[in-house]
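Engineer: Below you'll find the structure I mean.
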Amino acid sequence: MNASSRLRAAPLLLLESLGQRATAGFEEVGRFFTILASTLYWMFRRPFDGHQWLKQMVRVGVDSLPVVGLTALFTGMVLALQTYRGFERFHAEAYVGSVVSLSLTRELAPVLAALMIAGRIGSSLAAELGSMRVTEQIDALYAMATEPIHYLIVPRVAATTLMLPPLVACADGLGVLGGYSVAVGLMGANPVVYWEKTFQFLDLNDVFSGLIKAAVFGLILSVTGCTKGFFTTGGAEGVGRSTTAAVVMASVVILVSDFFLTKILF
Amino acid sequence: MTATNPSTPVPKIAVVDLWKSFGGKPVLRGIDLEVASGESFVIVGGSGAGKSVLLKHLIGLIRPDRGHVIVDGEDMACADPAVCLALRKKFGMSFQEGALFDSLSVFENIAFPLRRHTSMSEAEITHRVRECLELVHLPGVEHKAPSELSGGMRRRVGFARAIAMKPEILLFDEPNTGLDPITSAVIDNVIVEMREHLPVTMVTITHDMKSAFRIADRLAMLREGTIVAAARPEEFRSLPDPYIQKFIAGEPLEEDVA
């Protein structure tokens, strides 16, 4: 009797666990949009904390410049190397510059910069807010009649969203320089032709679409990091879990939304 | 059972039939209590009895499933944001480990609510911060970082921050937990002194009976999500309830001795 009832219960258990996962997924999405909505609500409310905004902008923008720049530089270099080798086979080396500049501005610079920032800033936002949560600092803010979303999350999300486009602009420039240096310096491409081809097909819209993407990615990764941190439970272990989840989730959402953004923007 | 104090007609804080459960597990099961203006009210109870949850309801950090928290005749579950903010400004709260902002110095921690909610000048803020630190007997630590302070000092800086805005109600979440007996007594003295110097109503939760008797005007025992008794300290000591007697004496219950 026990065995048969267990057999009958198996599909139910499966359904139950599926249901639990679905509920958890919906809860996650709900939290993301709750934080996003209240961040936008509090964004334009007094008091405006200029000092905090500036501090966060330095943290996201200035301090991330070396790592983003290095990423872009080497991406441009390897892109030039690979496409040169490939295009050489059908004598189209002249177009390497175009490929490098177009793929960098439209796609690689925004996505790679966003992934680097997700690792660097998304994780630290989750860890910072998470440890403030578990040490009751967020409750303390609330107890001092200060909305934690207003004081903590608004400057962080605003700074990340505002700083990603300029970072990506720098990445665009450095990537193109990296490509130029490899193609011209290493592979022996004609510098004048390379330079001309770099800008021949490049439209201002290509650059702008990349920058818009960057801002959206910045919004996504900062809200994800803050949400994960804000709803942390379970002490130091919980902070670790939130930090990992923030980076993984932000990276996945960046890559998925990249497809849809590209579809809309081009 | 209610914890109504008949001698005070208008309670500062009234909790009416408060229910709360987390993940289907009931934590508070119909709490009724009243705290009179100017009183030092202490809620004692074992770990997991729901003390912290109850305290967090008072200030609105947690919303009840059912029931009300009424402060000065206004429900904490208010709809009007302005009323909400005004109500929250009546409170000062001290957290278990102090909950100081570790990115700010002691001075900035205490100045935080002043900068946020008042138009005081820098000089006035400096003066007020000094005053608060003197009240908790910690002069001269303004420029230290919270991480440089001992547990007892952090707790006291937390008190100083809680009283900076001259709140009408002070809440203490386990002020003595994790401190040695001497530091613990110092903390109790600071609380008693603050009570003498400031026109405040205090609600403290603790499981330290020694400390509870030192600071309380009235005590309530919370067990399994309900208030089982509330009385003045001298009456509380002689309550016949065996659980309370064991709790005061610090002895195990018969059912726990196996």
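The values are calculated or read from the model by the stated rules, or taken from the named source; none is laboratory data. Predicted model, so just to flag it, every value in this text is computed and none were measured. Cβ coordinates were reconstructed from backbone atoms using ideal geometry, including for glycine residues, and neighbour counts include every protein chain displayed.
Engineer: Name every residue in segment B:14-51 that is of a type in the set (Phe, Trp, Tyr), within 18 Å of residue B:236 (Cα to Cα) and either modelled with pLDDT under 90 or out of contact with any strand residue (DSSP E or B) (no Cβ under 6 Å at 6 or more places or on another chain) (or both), in order of residue number.
Structural biologist: none
Engineer: In segment A:124-142, how many residues are in a helix (DSSP H, G or I) and either within 11 Å of chain B (Cβ to nearest Cβ) or β-branched (Val, Ile, Thr) (or both)?
Structural biologist: Within segment A:124-142, residues that are in a helix (DSSP H, G or I) and either within 11 Å of chain B (Cβ to nearest Cβ) or β-branched (Val, Ile, Thr) (or both) number 11.
Engineer: Looking at segment A:30-55, which of its residues are within 12 Å of chain B (Cβ to nearest Cβ) and under 18 Å from residue A:117 (Cβ atoms)?
Structural biologist: A:55
Engineer: Select, from B:73, B:60, B:92, the only residue that is in contact with a Cys (Cβ under 8 Å, 6 or more places away or on another chain) and either surrounded by fewer than 21 Cβ atoms within 10 Å (Cβ to Cβ) or facing chain A (nearest Cβ under 10 Å) (or both).
Structural biologist: Criteria check complete, one pass: B:60.
Engineer: Taking the conditions exactly as written (of a type in the set (D, E, K, R), in a loop (DSSP other than H, G, I, E, B) and either closer than 30 Å to residue B:112 by Cβ or touching a residue at least 24 places away in the same chain (Cβ under 8 Å) (or both)), does residue A:45 satisfy them or not?
Structural biologist: When the stated conditions are applied, residue A:45 passes them.
Engineer: It is to be established whether one or more residues within segment A:77-97 are within 14 Å of another protein chain (Cβ to nearest Cβ) and in contact (Cβ under 8 Å) with a residue 40 or more places away in the chain.
Structural biologist: No - not one qualifying residue is present in segment A:77-97.
So that you can scan it fast, the table gives a plain yes or no per residue for (1) closer than 30 Å to residue A:96 by Cβ; (2) surrounded by 15 or more Cβ atoms within 10 Å (Cβ to Cβ); (3) of a type in the set (S, T, N, Q):
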site: A:20; (1), (2), (3): no, no, yes
site: A:27; (1), (2), (3): no, no, no
site: A:36; (1), (2), (3): no, yes, no
site: A:39; (1), (2), (3): no, yes, yes
site: A:42; (1), (2), (3): no, yes, no
site: A:49; (1), (2), (3): no, yes, no
site: A:65; (1), (2), (3): yes, yes, no
site: A:73; (1), (2), (3): yes, yes, no
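Engineer: In segment B:90-106, is there at least one residue being more than 20 Å from residue B:145 (Cα to Cα), out of contact with any helix residue (DSSP H, G or I) (no Cβ under 9 Å at 6 or more places or on another chain) and small (Gly, Ala, Ser)?
Structural biologist: Among the residues of segment B:90-106, not one is more than 20 Å from residue B:145 (Cα to Cα), out of contact with any helix residue (DSSP H, G or I) (no Cβ under 9 Å at 6 or more places or on another chain) and small (Gly, Ala, Ser), which makes the answer no.
Results for (1) of a type in the set (Ser, Thr, Tyr); (2) under 24 Å from residue B:28 (Cβ atoms); (3) modelled with pLDDT of 90 or more; (4) in contact with a Gly (Cβ under 8 Å, 6 or more places away or on another chain), shown as yes or no for each residue.
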{"site": "B:193", "(1), (2), (3), (4)": "no, no, no, no"}
{"site": "B:201", "(1), (2), (3), (4)": "yes, yes, yes, yes"}
{"site": "B:237", "(1), (2), (3), (4)": "no, no, no, no"}
{"site": "B:248", "(1), (2), (3), (4)": "no, yes, no, no"}
{"site": "B:251", "(1), (2), (3), (4)": "no, no, no, no"}
{"site": "B:255", "(1), (2), (3), (4)": "no, yes, no, no"}
{"site": "B:258", "(1), (2), (3), (4)": "no, no, no, no"}
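Engineer: Got a number for residues in segment B:206-257 being within 17 Å of residue B:173 (Cα to Cα) and of a type in the set (A, V, I, L, M)?
Structural biologist: Number of matching residues: 8.
Engineer: Considering each of B:161, B:128 in turn, give the residue that is modelled with pLDDT of 90 or more, surrounded by 21 or more Cβ atoms within 10 Å (Cβ to Cβ), in contact with a helix residue (DSSP H, G or I) (Cβ under 7 Å, 6 or more places away or on another chain) and basic (Lys, Arg).
Structural biologist: Of B:161, B:128, the one residue that is modelled with pLDDT of 90 or more, surrounded by 21 or more Cβ atoms within 10 Å (Cβ to Cβ), in contact with a helix residue (DSSP H, G or I) (Cβ under 7 Å, 6 or more places away or on another chain) and basic (Lys, Arg) is B:161.
Engineer: Right, next: Take residue A:94 and decide whether it is within 28 Å of residue A:198 (Cα to Cα) and in a helix (DSSP H, G or I).
Structural biologist: Taking the combined requirement at face value, the residue satisfies it.
Engineer: In addition: Can you find a residue that is more than 14 Å from residue B:166 (Cα to Cα) and hydroxyl-bearing (Ser, Thr, Tyr) anywhere in segment B:97-107?
Structural biologist: yes
Engineer: Filter segment B:184-209 down to residues that are farther than 22 Å from residue B:54 by Cα and of a type in the set (Ser, Thr, Tyr), then give me how many there are.
Structural biologist: Selection size over segment B:184-209: 1.
Engineer: Applying the selection to segment B:105-128, what residues are facing chain A (nearest Cβ under 10 Å) and free of Cβ contacts under 8 Å to residues at least 24 places away in the same chain?
Structural biologist: Residues satisfying the conditions are B:115, B:116.
Engineer: Here is a follow-up. Please enumerate the residues belonging to segment A:143-167 that are over 20 Å from residue A:225 (Cα atoms) and either within 14 Å of another protein chain (Cβ to nearest Cβ) or hydrophobic (A, V, I, L, M, F, W, C) (or both).
Structural biologist: A:143, A:144, A:145, A:146
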